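For reference, the structure discussed in these notes is given below.
The values are calculated or read from the model by the stated rules, or taken from the named source; none is laboratory data. Because the structure is predicted, anything quoted here is derived from the model rather than measured. Every residue, glycine as well, gets a Cβ built from its backbone with ideal geometry; the counts of neighbours run over all protein chains shown.
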Amino acid sequence: MTATHRPAPVWIIASLLTGPALIVTVTLVRGPAHPGILDSAGGMPVILGLLLVSVALLRVRRVDFTRIAALTAALATSLVMIALDVTLRASPSPASLQNTAVAVPVAIPAMVLAIAVLIEACDAALVALAQQEIRGWRNLHLVLPAILVTPALIEVLQGLILPAPPDPTQFMAVVPLETIVLGAVIWWLITGLVAERMATRNFANALDCAPIVMIDSSGTIAHWSRGCEDLYGWPAAHAVGKNKYALLQSRTLEGDPPPLTRSNDQREGIELIERHRDGHALRLLEVARSAGSASRLSILSMSDITARAAAERALGDSEARLLLAAQAHSIGVFEWNVESNAIHWVANTETLLGIPAGSVRDYASWAADVFPEDRVIIEKRMAAAVWAKADRFSFRYRMRRADGEVRTIEGSSRCFYDGTGQLTRAIGVNIDVTDRVANEIQLAAREAQLRSVLETVPDAMIVIDETGIILTFSPAAERLFGYAARQVVGANVSMLMPDDHRVRHDGYLLHYLRTGTKRVIDRTRFLTARRIDGREVPIELRVGEARYAGVRVFTGFVRDISERIETEERLGSLRSELTHVGRLNAMGELAAGLAHEINQPLTAISNYLAAARRGLAQADRNEDALRDQIIAAGDQSLRAGEIIRRMRDFASRHETETRIEPVEAAIRAASALVLVGYERLDVTICYELAPDADFMFADRIQVQQVLVNLLRNSLDALYTVAKERRRIRIASRVVDAEWIEIAVSDTGPGIAAAILAQLYMPFTSTKGKAGMGIGLSICRRIVEAHGGSLQAENLASGGAEFRFTVPRVVKESGGTQR
Ligand code: ADP
């Protein structure tokens, strides 16, 4: 039955009236005494023929054919009624009896059939009328009895118009009464059946709104409900006869074609993805039921779960995201239903806290692992939150895990209250902060340690930012500068500098930030700082730079070096005093030799001058000889003067003066000083001076002092060996581009093993009263002050060798290079 099958009420009424009209016509032509076509054997075939036509037309299921079917059914019904009437009232002649015997048994089922066909044919129209046009339905109530009573009226008319019937009483009273009763029964039947059909039809219509498909065993659609039309967009006319799964491109969630027969666990339905007519995907639950054991059809009821699946997916996604976030931060998300006392962990997040899944199900099982004192605090805070109807409260507690480990948990919870203000639900997070707390404690301990170190170290510490603003000012800084930290924190560090630096400091900082060129950072600088009282103090400054999270700070360690400078100055003067004393000592030891050396030219001078005097007294004096004697006396005085100058140079107190000096000249001057007067020792002096070791960058007098000491020690050592073995070698060589080595070796007994280890210790001597034991220690200090080193060793061939290095200078044509 489709929606288009709705004949107009006028047409139905016309159909119903056509039958009686025909009966009237036939009856008027033939007369009641002559039943005509109805009294012969051909009467019933006509009626049955009409009914067959009706049924055939109904089978076509087209609206206009159904109307014709209604017409023919109505005609057949009227004819049957008349035939019955005529038959029952015919005279009992043999012919009539024969007619009656044949007509009645056939006429009754024919009439039932006719009524059934009539009901079927009018069904859709009556339902449509009843549902949509109340006026039409009311009219039908009036019209239908009239139609059915019409045959009775015809009978009455026959009796009035035509010659009198055999029994006027029966004719006038019984027949119409019978007809009316019959008509009423038919009317009652029709209306009752129609009402029932309407109810069934309404129910079927209502059911048809649900998405229901009937398919056969191959999946071919036999029925396609209006609900399916709405759901899939395909009209029934298109869908019926097609394979459902091909039409809808059905797939299971795994992407397979849906099974035509269902396994046990698919009885509750399977989820399918199918396509709407416009191509969009639908998620459906298909529940299959058999249409009955006799039928090969299955009834499929479809539920659109697209929205539900999307919501479930969204919920799943949201839970997955939550779990991800929870996992990333080791967060356990819980929900505590206060009424049922159940604790539910979202997506099993309790495992993230190391709690075995399912072990904390309610408040009691949670409280069992929590430190009692922490639990008391939490309960107090919770009570306070509930009292204030607070939106949330935070907490921190320690719990002992199943493995015995103590963890610290921090969290916060949202509170939900009912209408009476009772806490009904709490949702919150638990975060394991054990490691963080441990780090915090460690950090705090380290900070305290650092603070105590900074408070005790003598160095002042000042931290400034990129703009030179002081951030930290240590207690040592307070002591050094005289300011309290609160007086300087927030001020520019330049306030701690003398005027000339103060104006330039910001510029230095800016220059560094712009170019990255370091002037102070990572170096030790010696500067002056200004105290609160304006006094300037010499300081040693070391600055470090630290960057953290884009913030740059500079830390300066300041040390007051006034005392050190004073000490150094004092020490310096002591050292030079000592060096001088050392030289004087050496001079003292050389004195005998030197006196002898000076004595020679002086004796020579006096001899030359005595000879010259004698020459002058002679009359025949030889002028040339006289001049030679005076010149020789002058040379000898120069020689004596040279010795004295060398002695004075060496012994004088002088400021240290480092400059480019010829190496050989220094060596020769030193050996001249030492060797004067030692000729009697018969020492062979051998020089091996490398020509390229020509210039040094040194204090000549100090280098000479070293050489004098070494040579004098060698001479002393040579006293003990036979004259023919007495030999001193003085050598120089280039070590590398920067250094020249000078070596003094002798053929003496070598350095005594007892003192070899402490050779350079002051007052180490094997010479008894003759030696002070400071010569070598002064030598080493002088060499090291020049950046070089002094080494001593005993030679395998016997004797000792002392080697020391001095900075080399390469003199190029037109310039000098160090
Ligand atoms: P002093 O000469 O006054 O003893 P030094 O410091 O010059 O003080 O020398 C310390 C000691 O080193 C000497 O006493 C001596 O024993 C030893 N010494 C130094 N030079 C030589 C050398 N060339 N041969 C052997 N011993 C030496």
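Just to be sure, is V783 within 22 Å of R808 (Cα to Cα) and within 9 Å of the ligand (Cβ to nearest atom)? Taking the combined requirement at face value, the residue does not satisfy it.
V429 fails exactly one of the following numbered conditions: (1) touching an Asp or Glu at 6+ places or on another chain (Cβ under 8 Å); (2) of a type in the set (V, I, T); (3) in a strand (DSSP E or B). What is the number of that condition? Of the numbered conditions (1) touching an Asp or Glu at 6+ places or on another chain (Cβ under 8 Å); (2) of a type in the set (V, I, T); (3) in a strand (DSSP E or B), the odd one out for V429 is (1). Of all residues in segment 732-755, those satisfying the criterion of being surrounded by 13 or more Cβ atoms within 10 Å (Cβ to Cβ) and more than 9 Å from the ligand (Cβ to nearest atom) are S732, R733, V734, V735, E738, W739, I740, E741, I742, A743, T747.
Condition first: without any contact (Cβ under 8 Å) to a residue 12 or more places away in the chain and more than 9 Å from the ligand (Cβ to nearest atom). Can you find one or more residues in segment 705-723 that meet it? So far as segment 705-723 goes, yes, one or more of its residues are without any contact (Cβ under 8 Å) to a residue 12 or more places away in the chain and more than 9 Å from the ligand (Cβ to nearest atom).
Within segment 30-71, the set of residues being outside any helix (DSSP H, G or I), over 19 Å from A114 (Cα atoms) and either of a type in the set (A, V, I, L, M) or at pLDDT 70 or above (or both) comprises just one member, A33.
Just to verify a result, which residue in segment 258-275, among those that are in a loop (DSSP other than H, G, I, E, B) and within 44 Å of the chain's Cα centre (by Cα), is modelled with the highest pLDDT? Working first, answer last.
Residues of segment 258-275 that are in a loop (DSSP other than H, G, I, E, B), as a first pass: 258-263, 267-269.
If we keep only those that are within 44 Å of the chain's Cα centre (by Cα) too, we end up with 258, 268-269.
On the way: P258: 88, E268: 76, G269: 85.
So the residue we want is P258.
Quick check: anything in segment 317-340 more than 30 Å from R407 (Cβ to Cβ), exposed (fewer than 14 other Cβ atoms within 10 Å of the Cβ) and out of contact with any His (no Cβ under 6 Å at 6 or more places or on another chain)? Yes: segment 317-340 contains one or more residues that are more than 30 Å from R407 (Cβ to Cβ), exposed (fewer than 14 other Cβ atoms within 10 Å of the Cβ) and out of contact with any His (no Cβ under 6 Å at 6 or more places or on another chain).
This table checks each residue for (1) under 20 Å from E540 (Cβ atoms); (2) charged (D, E, K, R); (3) buried (at least 18 other Cβ atoms within 10 Å of the Cβ); (4) in contact with a helix residue (DSSP H, G or I) (Cβ under 6 Å, 6 or more places away or on another chain).
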residue	(1), (2), (3), (4)
T420	no, no, no, no
V433	no, no, no, no
R436	no, yes, no, no
I462	yes, no, yes, yes
T472	yes, no, no, no
P475	yes, no, no, yes
L480	yes, no, yes, no
Y483	yes, no, yes, no
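Within segment 245-261, residues that are on the phi > 0 side of the Ramachandran plot sit with their Cβ atoms under 7 Å from residues that are surrounded by 13 or more Cβ atoms within 10 Å (Cβ to Cβ), at 6+ positions apart or across chains, in these pairs: Q249/E274; Q249/R275.
Just give me the residues in segment 291-315 being assigned to a helix (DSSP H, G or I) and exposed (fewer than 11 other Cβ atoms within 10 Å of the Cβ), in sequence order. Lay out the reasoning, then the answer.
As a first pass, look at segment 291-315 and keep what is assigned to a helix (DSSP H, G or I): 306-315.
Result: A307, A314, L315.
Quick one: in segment 343-360, of everything that is more than 28 Å from the chain's Cα centre (by Cα) and within 18 Å of G411 (Cβ to Cβ), which residue is surrounded by the fewest Cβ atoms within 10 Å (Cβ to Cβ)? Ranking the candidates gives S359 first. Checked against the criteria, D230 does not count as at negative phi and assigned to a loop (DSSP other than H, G, I, E, B).
A single member of L681, L689 is closer than 28 Å to D649 by Cβ, surrounded by fewer than 20 Cβ atoms within 10 Å (Cβ to Cβ) and at pLDDT below 90, and it is L681. Can you find even one residue in segment 233-244 that is among the aliphatic types (A, V, I, L, M), touching a residue at least 12 places away in the same chain (Cβ under 8 Å) and not in a loop (DSSP other than H, G, I, E, B)? Yes: one or more hits. Look at (1) of a type in the set (D, E, K, R); (2) surrounded by 16 or more Cβ atoms within 10 Å (Cβ to Cβ); (3) modelled with pLDDT of 90 or more and you find that D278 fails only one, number (2).
Residues considered: R502, R531, R525. Of these, the only one that is closer than 21 Å to D560 by Cβ, modelled with pLDDT under 90, surrounded by 11 or more Cβ atoms within 10 Å (Cβ to Cβ) and touching a helix residue (DSSP H, G or I) at 6+ places or on another chain (Cβ under 6 Å) is R502. The residues of segment 756-780 that are of a type in the set (F, W, Y) and more than 8 Å from the ligand (Cβ to nearest atom) amount to a single one, F763.
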